[in-house]
Amino acid sequence: MPDSTDIFRILDANLNRTREALRVVEEFARFRLDSAALAETVKELRHDLRGAADRLPVRELLAARDTPGDVGTQLSTPAELQRRDALDVLRAALKRLPESLRVLEEYAKTVSPEAAAAFEQLRYRCYTLEKSWAAVLAPDARLAKLRLYVLVTTALCRRPVLETVEAVLAGGADAVQLREKEMADADLLKLARSVVELCRKAGAISIINDRPDIARAAGADGVHVGQGDLDVRACRQMLGASAIVGVSTHSVAMARAALEAGADYIGVGPIFPSATKRRDFVLGPAGLKDICAAVPLPTVAIAGITLENVDQVLSAAPTAVAVCRDIIAADDPQARAAAIRQAVLTKFKELS
């Protein structure tokens with residue numbers, strides 16, 4: 001058999017393998033996650049794969065195909081025939097993609113350098129695709145249980161700040177974010193260490209706003225950054241791969257960018273007007289719902305949320321709600337936190 005026929009057999013087999021893997025990933029996005037955004041991303045990859053394949057001689061590819069004569073069809077391992085669940089299926093497909101694209105890239109160099117270059121770019125995009133699914137493939141178990149996320153700012157606390165943190169944790173807060181924009185670094189670090197210790201004792205997540213350096217020095221579980229702060233990659237370089245990194249978003253595009261960057265969760269808002277951080281727009285529950293539907297990340301609704309309006313927010317299906325003033329400025333922060341948490345749990349039960 002001529003060497004060129006061997007090459008066309010290899011190219012044909014790996015084109016099929018790549019198409020199949022992309023379809024597996026797309027179906028997971030459509031039917032398991034109900035994410036139009038992720039499904040569209042994979043669909044674009046399929047479209048561009050077809051464009052790259054069109055640079056190869058189709059007639060020769062089909063002529064070289066010999067499925068009955070392919071010895072590889074008879075080779076398999078027990079692991080290949082078993083999948084624990086749908087996530088295991090997804091993991092396998094995501095691993096196959098760059099492998100088959102690398103084969104296409106290398107062998108296409110003997111036939112069409114232009115096709116080889118196109119396959120190379122697709123391979124790089126698949127590496128990024130796998131990274132963007134990181135929170136889906138290996139979700140942080142702590143975030144899966146996140147329901148009430150309390151933001152603490154000293155100036156808004158009716159009681160001393162650490163007393164307030166103890167109270168909200170006793171009231172059932174799953175996470176506490178320390179948000180101090182103006183505090184001197186030495187004072188912030190001292191306070192952060194105390195907050196982290198209180199959260200650790202309560203089994204809650206400790207997050208520092210904006211400052212990965214303070215988060216690292218204080219031993220916090222993670223950091224939350226805004227659109228103008230350090231990006232997710234920089235935060236991970238400072239804090240390590242296991243740290244929780246959240247990103248503030250207020251549009252579907254920002255949420256998708258956070259997903260692609262590898263964020264563990266997104267903060268979405270402002271849902272309602274808030275005196276804590278004034279903005280000239282609000283998303284409302286409808287805007288929150290659009291983002292929740294578009295991105296399969298834990299989603300924390302934020303801004304202006306109170307016991308009186310939390311039910312409206314939860315109808316948009318966020319993972320959790322972030323509350324600041326309504327809890328920490330209350331006469332009894334523990335009771336207020338407990339009441340909001342109970343409202344959240346009750347709504348989740350209704351929606352399940």
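The values are calculated or read from the model by the stated rules, or taken from the named source; none is laboratory data. This one's a predicted model, so the numbers in the text were calculated from it and none came from an experiment. For neighbour counting, all protein chains shown are included, and Cβ atoms are generated from backbone atoms with ideal geometry for every residue, glycine included.
Give just the number: which of (1) part of a strand (DSSP E or B); (2) touching a Leu at 6+ places or on another chain (Cβ under 7 Å); (3) of a type in the set (G, A, S) does A217 not satisfy?
Unmet condition: (1).
Would region 95-118 turn up any residue that is closer than 30 Å to E197 by Cβ and without any contact (Cβ under 8 Å) to a residue 24 or more places away in the chain? Can you show your working first?
Initially, region 95-118 is screened for residues closer than 30 Å to E197 by Cβ, giving none.
Scanning region 95-118 turns up no residue that is closer than 30 Å to E197 by Cβ and without any contact (Cβ under 8 Å) to a residue 24 or more places away in the chain.
Report yes if A322 is assigned to a loop (DSSP other than H, G, I, E, B) and under 24 Å from V245 (Cβ atoms), otherwise no. Write out each step before concluding.
Working: assigned to a loop (DSSP other than H, G, I, E, B): no; under 24 Å from V245 (Cβ atoms): yes.
No: the conditions fail for A322.
Quick one: V313 ticks every box in (1) β-branched (V, I, T); (2) free of Cβ contacts under 8 Å to residues at least 40 places away in the same chain; (3) in a helix (DSSP H, G or I) except a single one, so which number is it?
(2)
Out of the residues in region 238-291 that are small (G, A, S) and in contact with a Phe, Trp or Tyr (Cβ under 8 Å, 6 or more places away or on another chain), state the one that is farthest from H224 (Cα to Cα). Show your work before the answer.
Pass one, region 238-291, residues small (G, A, S): 240-243, 246, 248, 251, 253, 255, 257-258, 261-263, 267, 269, 274-275, 284, 286-287.
Pick out the ones that are also in contact with a Phe, Trp or Tyr (Cβ under 8 Å, 6 or more places away or on another chain) and you get 246, 284.
On the way: G246: 5, G284: 22 Å.
Taking the candidates together, the pick is G284.
Within region 252-265, does at least one residue satisfy the condition of being crowded, with 18+ Cβ neighbours inside 10 Å, touching a residue at least 60 places away in the same chain (Cβ under 8 Å) and at positive phi?
Yes; the residues of region 252-265 include at least one that is crowded, with 18+ Cβ neighbours inside 10 Å, touching a residue at least 60 places away in the same chain (Cβ under 8 Å) and at positive phi.
Matching residues to (1) over 19 Å from the mean Cα position of the chain (by Cα); (2) assigned to a helix (DSSP H, G or I); (3) at pLDDT 85 or above; (4) not aliphatic (A, V, I, L, M):
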site	(1), (2), (3), (4)
A13	yes, yes, yes, no
E40	no, yes, yes, yes
E60	yes, yes, yes, yes
P68	yes, no, no, yes
L97	yes, yes, yes, no
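For (1) surrounded by fewer than 20 Cβ atoms within 10 Å (Cβ to Cβ); (2) modelled with pLDDT of 95 or more, each residue gets a yes or a no:
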residue	(1), (2)
A138	yes, no
L156	yes, yes
A167	no, yes
K181	yes, no
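So, in region 277-306, how many residues would count as being more than 11 Å from the chain's Cα centre (by Cα) and assigned to a loop (DSSP other than H, G, I, E, B)?
Step one: list which residues in region 277-306 are more than 11 Å from the chain's Cα centre (by Cα), which gives 277-294, 300-306.
So of that shortlist, the ones also assigned to a loop (DSSP other than H, G, I, E, B) come out as 277-283, 303-306.
Residues that pass the stated criteria total 11.
All but one of (1) in a helix (DSSP H, G or I); (2) surrounded by fewer than 22 Cβ atoms within 10 Å (Cβ to Cβ); (3) not acidic (D, E) hold for S274; which doesn't?
So S274 meets the others, but not (1).
Could you tell me which residue of region 93-118 is surrounded by the fewest Cβ atoms within 10 Å (Cβ to Cβ), considering only residues that are closer than 16 Å to E60 by Cα and not small (G, A, S)? Even if it seems obvious, please write down each step before you answer.
Restricting attention to region 93-118, the residues satisfying the condition of being closer than 16 Å to E60 by Cα are 104, 107-112, 115.
Imposing the further condition that a residue be not small (G, A, S) reduces the set to 104, 107, 109-111.
Details: L104: 28, Y107: 20, K109: 15, T110: 13, V111: 18.
Top of the filtered list is T110.
Of all residues in region 201-231, how many are out of contact with any Cys (no Cβ under 9 Å at 6 or more places or on another chain), surrounded by fewer than 21 Cβ atoms within 10 Å (Cβ to Cβ) and over 15 Å from V150 (Cα atoms)?
11
Every residue, every condition in (1) touching a His at 6+ places or on another chain (Cβ under 9 Å); (2) outside the structural domain of A261 (by TED's automatic domain parsing); (3) outside any strand (DSSP E or B); (4) farther than 14 Å from A263 by Cβ, yes or no:
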{"site": "A173", "(1), (2), (3), (4)": "no, no, yes, yes"}
{"site": "K181", "(1), (2), (3), (4)": "no, no, yes, yes"}
{"site": "A186", "(1), (2), (3), (4)": "no, no, yes, yes"}
{"site": "V196", "(1), (2), (3), (4)": "no, no, yes, yes"}
{"site": "C199", "(1), (2), (3), (4)": "no, no, yes, yes"}
{"site": "I208", "(1), (2), (3), (4)": "yes, no, no, yes"}
{"site": "A234", "(1), (2), (3), (4)": "no, no, yes, no"}
{"site": "Q237", "(1), (2), (3), (4)": "no, no, yes, yes"}
